[in-house]
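For reference, the structure is listed below as structure tokens.
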Amino acid sequence: MFKKMNSKIKLGILGGGGDSLIGILHRVASSMFDQYEIVGGVFNPELKESISFAEEIGLATDRVYENLDDLIEKEKELPEKERMQVLSVLTPNFLHFPMAKQLLENGFHVICEKPLTTTYEEAKILEEISNRSKTVFAVTYTYTGYPMVRQMKEMIAAGELGEIHKVDVQYYQGWINEIIHDKEKRATVWRLNPEKAGISSCVGDIGTHAFNMVEFLTNLEVKEILADLNYLYKDNRMDIDGTILLRFSDYVKGVIRSSQVATGEENNLTVKIYGEKAGFKWEQENPNYLYFMREGKPMEVLKPGHSYNSAISLEGTKLPPGHPEGIFDSMGNIYNGVAKAIKKQDYHPGEFPGLKDGIRGVNFIEKTVESHKNGNIWVNLES
Ligand SMILES: NC(=O)c1ccc[n+]([C@@H]2O[C@H](COP(=O)([O-])OP(=O)(O)OC[C@H]3O[C@@H](n4cnc5c(N)ncnc54)[C@H](O)[C@@H]3O)[C@@H](O)[C@H]2O)c1
């Protein structure tokens, strides 16, 4: 009689409960390539809520814990092959650092939501511990998982655009409009509370995605930035809109435009990269169309799943061309990359964003606020 072997990676989740925005995305993404099994976690600060959420999603409640201390203690008592191997940190920003730090110190792999931490200093501490712990650390800059984003990165690396001269990345949302004009309402949202979100709302939440896209796609480092932020009200401590000029060098420049008060906008992340020979345009809300614009030639539209795409792009496409893929697939591709790393299998460079990306992101957020507060001056990013 054969005994069925369960080789799935045992995944725990912190945050991401029934009341959360991002939990469902991670749960679906983790199941997409049949690589993970969710075995428990702390979904909510209230144990009662965590348990009733586990019951709701059909998860056994014996490994739903009151807090992370309990989780670590009890999981470490289990035989190694049953123990949680990796935990996804899906809580509000201020908990990312203490949770990720504790997980690293106890030998768990970590998948952490962005922004990695609320300060650069914390991010560097995680780097230091991670270098010692030798565990896998991913930061879920979700949009890097889209097949056409991966295709764009590969084509840029292959020199299809020639030397890059200009990048323009916009991330426009309008959701804070409903909240920001009402003093009482804005006090209820953690993204507008510096104790919970860190020093920035708009740049911390979405400008950081735009920044990550710039560096992920071009493989270039932004050296200096100049920011102009908008807080809209004197008593509002958090930016809700920002324009940030980027300098890679004297001849390579760009701009990030991010807003949470772009009325009527949903998740309009639009990337434009222009090189000497050609340009790319890609929109998150229509992610299966990549516009390739060559000097003197008609515009081409590249789509996922075709043999002209690169290996990493094709691996992220699960059905024949024409079956639309979206944000769930994008995050699923990131989880798949992390699974390969945990299983010590080969994976493509850029298959999942890591600590370096997370640290760059936090540095960008801090320097953006510094530039604005010091009178919109140029500031250097750490290299
Ligand atoms: N990658 C992306 O595209 C993306 C999109 C949205 C949110 N995020 C990030 O995901 C994180 C969560 O955002 P959200 O919008 O889901 O927030 P949310 O407020 O909707 O959900 C937060 C969840 O964390 C739980 N929680 C709070 N304190 C906890 C604790 N001490 N222990 C356990 N659970 C706790 C809450 O009960 C809730 O389930 C943030 O860091 C955010 O920046 C990333």
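The values are calculated or read from the model by the stated rules, or taken from the named source; none is laboratory data. Remember, predicted model here, so these are calculated numbers, not experimental data. Because the Cβ atoms are built from the backbone with ideal geometry, glycine has one as well, and the counts that use them run over all protein chains shown. Side chains included, ligands, DNA and RNA excluded: accessible areas come from the protein's heavy atoms. Shrake-Rupley method; radii C 1.70, N 1.55, O 1.52, S 1.80 Å.
Observations on the structure shown:
- Net charge dipole, the chain: roughly 780 debye, given to the nearest 20, about the Cα centre with Cβ charges of +1 for Lys and Arg and -1 for Asp and Glu.
- When Rg and Dmax are taken over the Cα atoms of the range 80-177, they come to 17.3, 51 Å.
- Helix-only mean residue ellipticity at 222 nm for the chain, each DSSP H run of n ≥ 4 adding -39500 (n - 2.57), per residue, nearest 500: -9500 deg cm²/dmol
- Lys124-Trp378 FRET efficiency (beta carbon distance; Förster radius 22 Å; 0.05 resolution): 0.45
- Distance from the alpha carbon centroid of the range 292-358 to that of the range 115-171 works out to 14 angstrom.
- Per-residue extension of 0.36 nm, minus the Cα-Cα distance of Lys303 and Ser52, leaves a gain of 86.2 nm for this segment.
- Placed amide H near Gly354: partners under 5 Å, 5+ positions off or other chain: Val139
- Dipole check for the range 199-250: with +1 at the C-beta of Lys and Arg, -1 at the C-beta of Asp and Glu, and the Cα centre as origin, the magnitude is about 80 Debye.
- Relative compactness, the chain, computed as alpha-carbon Rg over 2.2 N^0.38 Å: 0.99
- ³J(HN,Hα), Karplus 6.51/-1.76/1.60, whole Hz, each residue of the range 48-63, x for Gly, Pro: 4, 5, 4, 5, 5, 5, 4, 4, 4, 9, x, 9, 4, 9, 5, 10
- By a 1.4 Å probe calculation restricted to protein chains, His372 has an accessible surface near 40 Å², given to the nearest 10.
- Fully extending the segment from Leu314 to Thr263 would add 14.8 nm, taking 0.36 nm per residue of separation and subtracting the current Cα-Cα distance.
- Accessible surface calculations at 1.4 Å, restricted to protein heavy atoms, place the range 29-169 at 42 Å² per residue.
- Hydrodynamic radius by Kirkwood, which averages 1/r over all alpha carbon pairs of the range 121-272, in angstrom: 17.1
- Share of carbon and sulfur in the accessible heavy-atom surface of the range 158-241 [1.4 Å probe, %]: 47
- Amide N proximity, the range 259-303 versus Lys356 label position 7 Å along Cα-to-Cβ, cut-off under 15 Å: none
- Modelled FRET efficiency - R0 22 Å, Glu221 with Glu370, Cβ distances, 0.05 increments: 0.75
- In Hz, Karplus ³J(HN,Hα) per residue of the range 70-77 (6.51, -1.76, 1.60; θ = phi - 60°; x = Gly, Pro): 4, 4, 5, 4, 6, 5, 5, 7
- The range 232-262 versus the range 1-70: alpha-carbon centroid distance in Å: 37
- Positive-end extreme of charge dipole, the range 272-383 - chosen from Phe328, Leu290, Ser383 (charges on Cβ): Ser383
- As a calculated quantity, the FRET efficiency between Lys183 and Asn131 at R0 = 30 Å, using C-beta atoms, amounts to about 0.10.
- Which of Asn374, Ala138, Ile125, positive extreme of dipole for the chain (C-beta unit charges): Ala138
- Within the range 62-139, trypsin sites (Lys or Arg not before Pro) in DSSP loop having at most 10 other beta-carbon neighbours inside 10 Å: Lys81, Lys134
- Checking every one of the GluC sites (Glu not before Pro) in the range 256-327 against DSSP loop status and a limit of 15 other Cβ atoms within 10 Å picks out Glu266, Glu276, Glu285, Glu295.
- The range 5-105 - Rg (one decimal) and Dmax (whole number), Cα, Å: 12.6, 39
- Along the axis of the charge dipole computed for the range 92-211 (Cβ charges of +1 for Lys and Arg, -1 for Asp and Glu, origin at the Cα centre), the listed residues Phe211, Phe108, Asn93 are led at the positive end by Phe108.
- GluC sites (Glu not before Pro) within the range 1-102, DSSP loop, no more than 13 other Cβ atoms inside 10 Å: Glu46, Glu80, Glu82
- Along the range 114-122 the Karplus relation, 6.51 cos²θ - 1.76 cosθ + 1.60 evaluated at θ = phi - 60°, assigns HN-Hα couplings of 8, x, 3, 9, 9, 9, 5, 4, 4 Hz to successive residues, with x for each Gly and Pro.
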